[in-house]
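Here's the structure we're looking at; comments come further down.
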Amino acid sequence: MRLFPSARRASPEGDISLWQLYPLFFAAIYLSHITLLRLPYFWDEAGYYIPAAWDFFRTGSLIPHTTLTNAHPPLPSILLAAWWHISGFVVSGTRTFICIVSSAALLGVYRLARSLTSTAAAAVTTILTAVYPIWFAQSTLAHADIFAAAFTLWGLAIYLDPNANLPAQTTLLRSRTLAAILFSLAALSKETAIVTPAALAVWEAVLWLKNRRDP
C-alpha cells in the first residue's frame with residue numbers, strides 16, 4: 001500500500017519530457033548564479049568539503065589529511081574529485097558542477113510535484129523552490145546538502161510515482177529498488193539524509209500492520 005494509493009498522474013501525455021526540461025533548468029540556475037561562480041571557497045567549503053575532496057583527488061584516500069576528519073560520508077568528495085578530472089581544480093568548475101546537481105534536484109522537485117498534482121502546480125513549486133534563499137545560496141556551494149537533497153528528492157519522486165503502484169510486480173520491485181538506491185546515495189552524501197527512508201520505512205510498517213489480514 002502506497003502513501004497515496006489513489007493518486008493518478010495528472011500531466012497529459014503531451015507534456016515535455018524531463019530530459020528536455022533539464023537543460024532549461026540548468027541554464028536558469030547557471031545564469032542566475034553567473035556572478036557567483038568565481039567566488040573563493042568559504043565557510044564549510046574551505047573548512048572541510050574542498051580539502052577532503054582534494055585529498056581524495058590527489059591520493060585516493062577517503063580519509064582527509066589536510067583538514068580535520070569528521071563523520072561526514074564520502075560521496076561528495078568522490079563526485080567532486082571525479083568532476084575535477086573533467087573541469088580541472090578551479091573554483092568556477094566546482095561551482096558549475098554544483099549548479100548541475102542543483103538543477104537535477106529541481107528536476108526531482110518538478111517530477112514529484114507533477115506526478116502528485118498537476119503540471120502548473122509543479123512549475124510553481126519548482127520556481128518557488130529555486131528562489132527560496134537557502135536553496136539559492138546552496139546552488140553554488142560545495143556542501144553535502146545539495147547532493148543529499150538531489151538524491152532524496154529523486155528517491156521520493158520514484159517512491160511516490162503513481163505509476164509504480166501498478167499491479168505488475170516487476171514495476172513495483174523496480175521502483176522500490178531504484179528508490180532504495182537513491183536514498184542510499186543520499187545517506188552516503190550526508191548522514192542526516194537517513195531520516196527520510198527511515199520515516200518511510202516506519203510508515204510502511206504501520207500500513208503493513210493495519211492491513212496484514214489483506215490477501
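The values are calculated or read from the model by the stated rules, or taken from the named source; none is laboratory data. Nothing here was measured: the structure is a model prediction, and the numbers come from that model. So basically every Cβ, Gly included, is an ideal-geometry build from the backbone, and we count neighbours across all protein chains shown. Note: accessible area is taken over every heavy atom of the protein model, side chains too, but ligands, DNA and RNA are not part of it. Shrake-Rupley method; radii C 1.70, N 1.55, O 1.52, S 1.80 Å.
Scanning region 40-66 for residues that are in contact with a helix residue (DSSP H, G or I) (Cβ under 7 Å, 6 or more places away or on another chain) and open to solvent by 70 Å² or more (accessible area, probe 1.4 Å) gives Pro40, Leu62, His65, Thr66.
Can Pro76 be described as crowded, with 20+ Cβ neighbours inside 10 Å and not in a helix (DSSP H, G or I)? Lay out the reasoning, then the answer.
On the way: crowded, with 20+ Cβ neighbours inside 10 Å: yes; not in a helix (DSSP H, G or I): no.
Criteria not met by Pro76.
Run down Thr171, Thr125, Thr129 and say which single residue is among the polar types (S, T, N, Q), without any contact (Cβ under 8 Å) to a residue 40 or more places away in the chain and under 28 Å from Tyr41 (Cα atoms). Full working, then the answer.
On the way: Thr171 fails: under 28 Å from Tyr41 (Cα atoms); Thr125 fails: under 28 Å from Tyr41 (Cα atoms).
Within the list Thr171, Thr125, Thr129, the selection yields Thr129.
Of the residues making up region 118-147, those that are open to solvent by less than 10 Å² (accessible area, probe 1.4 Å) and hydrophobic (A, V, I, L, M, F, W, C) are Ala122, Ala142, Ala144, Ile146, Phe147.
Among all positions in region 103-115, there is at least one residue which is free of Cβ contacts under 8 Å to residues at least 40 places away in the same chain, over 20 Å from Phe42 (Cβ atoms) and either touching a Cys at 6+ places or on another chain (Cβ under 7 Å) or open to solvent by less than 20 Å² (accessible area, probe 1.4 Å) (or both). Considering Ala149, Ala199, the condition of being out of contact with any Ser or Thr (no Cβ under 7 Å at 6 or more places or on another chain) and closer than 20 Å to His72 by Cβ is satisfied by Ala149 alone.
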